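Quick one: the structure is below, and I'll ask about it shortly.
The values are calculated or read from the model by the stated rules, or taken from the named source; none is laboratory data. Note that this is a predicted model, so its numbers are computed, not measured. Using ideal geometry, Cβ is built from the backbone for each residue, glycine included, and neighbour counts are taken over all protein chains shown. For the accessible areas, the whole protein counts, side chains as well, though only heavy atoms, and no ligand, DNA or RNA atoms are used. Shrake-Rupley method; radii C 1.70, N 1.55, O 1.52, S 1.80 Å.
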Amino acid sequence: MLIVFIGPPGAGKGTQCRRLVELFDIPHLSTGEMLRAVMEQDTALSRYVASYINAGKLAPDHLVMRIVSQKIKSPDCAKGALFDGFPRTMVQAQMLDDLLTELKRPLDVVLELRVPDEVLITRLLKRAKIDGRADDNDSTIRERLRVFHEQTKPLVQYYGAQGKLRSVDGTESELDVLATLCPL
Ligand code: AP5
Ligand code: MG
């Protein structure tokens, strides 16, 4: 089972994926987590990645695709995967389609979590006080939202046209959102 999760920063992608992987027993592939893991090292690559993430910009498509394609071909993903925050650009979506066609593994469903910007900003500023993620500050949050609307939102139409999209209201409580998502 291959599932894609699309949603703006703070929509609850990570929160819902952590619950869904327990139910489906497939790996949670968060490109944000993978890129933050790269940033923890002290290398030229980590500084390159940090220059994008800390500014609220998207990492380059070719870099993200290299990481994802290695993962998806690994034995861990034989039963499927839950993509959190990937794809995030039209180029990534088209490259994922090409990769899955080559692997003969079609995407099952694309879940979109819809949450208004003002709710997202409140959630992320609250999280900033707890988790200390470098990109959870007012100006970077606003840039992440701008980038989402400009570069990621068009994927909703792209997957809608493929008949794969399911849009869910992400403003309900965590458990209510999960209950809506569950009859996948
Ligand atoms: P990424 O790590 O994916 O961050 P994001 O998309 O900005 O989203 P978040 O992780 O902040 O939010 P979330 O939707 O997971 O919500 P969460 O469950 O945490 O990406 C970070 C950066 O990496 C990007 O900006 C980019 O630079 C780079 N990157 C990543 N993928 C990339 C790609 N494919 N291509 C290029 N670059 C890429 O919840 C948020 C908060 O809300 C939490 O505190 C949570 O407890 C709370 N919450 C969750 N659900 C609810 C609810 N229902 N009600 C109330 N509160 C809730
Ligand atoms: Mg997340």
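Where in the chain lies the longest segment free of GluC sites (Glu not before Pro) that are both loop residues by DSSP (not H, G, I, E, B) and have at most 14 other Cβ atoms within 10 Å?
41-171
For Leu125 and Arg166, what is the calculated FRET efficiency with R₀ set at 30 Å and r taken between the beta-carbons, to the nearest 0.05?
Once the sixth-power term is evaluated, E becomes 0.55.
Using a 10 angstrom cutoff on alpha carbons, build the Gaussian network for the chain and name the most mobile of Phe86, Phe24, Phe148.
Result for the chain, Cα springs under 10 Å: Phe24 fluctuates most.
Now, a different point. Only Cα pairs within less than 10 Å get springs; with that Gaussian network setup on the chain, which residue of Lys79, Lys13, Lys164 has the largest fluctuation?
Lys79
Around Ile130, under 13 Å between beta carbons, what's the net of Lys plus Arg minus Asp minus Glu among the other residues?
With Lys, Arg at +1 and Asp, Glu at -1, the net is +3.
Taking Rh as the Kirkwood radius computed over C-alpha pairs, what is the Stokes-Einstein D of segment 2-181 at 37 °C in a medium of viscosity 0.692 mPa s, expressed in µm² per second?
196
If you roll a 1.4 angstrom probe over the protein chains with everything in place, what fraction of the accessible area of segment 90-184 belongs to carbon and sulfur, to the nearest %?
54
Per residue, how many Å² of accessible area does segment 74-184 show with a 1.4 Å probe?
53
If amide hydrogens are placed 1.01 Å from N in the peptide plane, which non-local residues have theirs closer than 5 Å to the one on Glu112?
Ile6, Arg166, Ser167, Val168
A further question follows. Of Gly132, Ala93, Val115, which is farthest along the charge dipole of the chain in the positive direction, counting Lys and Arg as +1 and Asp and Glu as -1 at C-beta?
It is Ala93.
Let me ask you something else. What distance in nm lies between label points placed 7 Å from Cα along the C-beta direction at Arg18 and Ala179?
In this crude spin-label approximation the distance works out to 2.1 nm.
If you don't mind, another one. Looking at Leu155, Ile53, Thr15, which one has the Cα that reaches farthest to the positive end of the dipole of the chain (charges on Cβ: Lys, Arg +1; Asp, Glu -1)?
Final value for the positive-end residue is Ile53.
Only Lys, Arg, Asp and Glu count, each charged at its Cβ (+1, +1, -1, -1), so figure out the dipole size of the chain about its Cα centre, rounded to 20 debye.
180
Stretched out fully, how many nm does the piece from Asp117 to Thr101 gain, at 0.36 nm a residue minus the Cα gap?
Result for the pair: 2.3 nm of gain on full extension.
In whole Hz and in residue order, list the ³J(HN,Hα) couplings for segment 158-164 that follow from phi through the Karplus curve 6.51 cos²θ - 1.76 cosθ + 1.60, θ = phi - 60°; x for Gly and Pro.
Karplus-based 3J(HN,Hα) across segment 158-164 equals 4, 6, x, 5, 7, x, 10 Hz.
Determine the distance separating the Cα centre of segment 3-48 from the Cα centre of segment 158-184; give it in Å without decimals.
18
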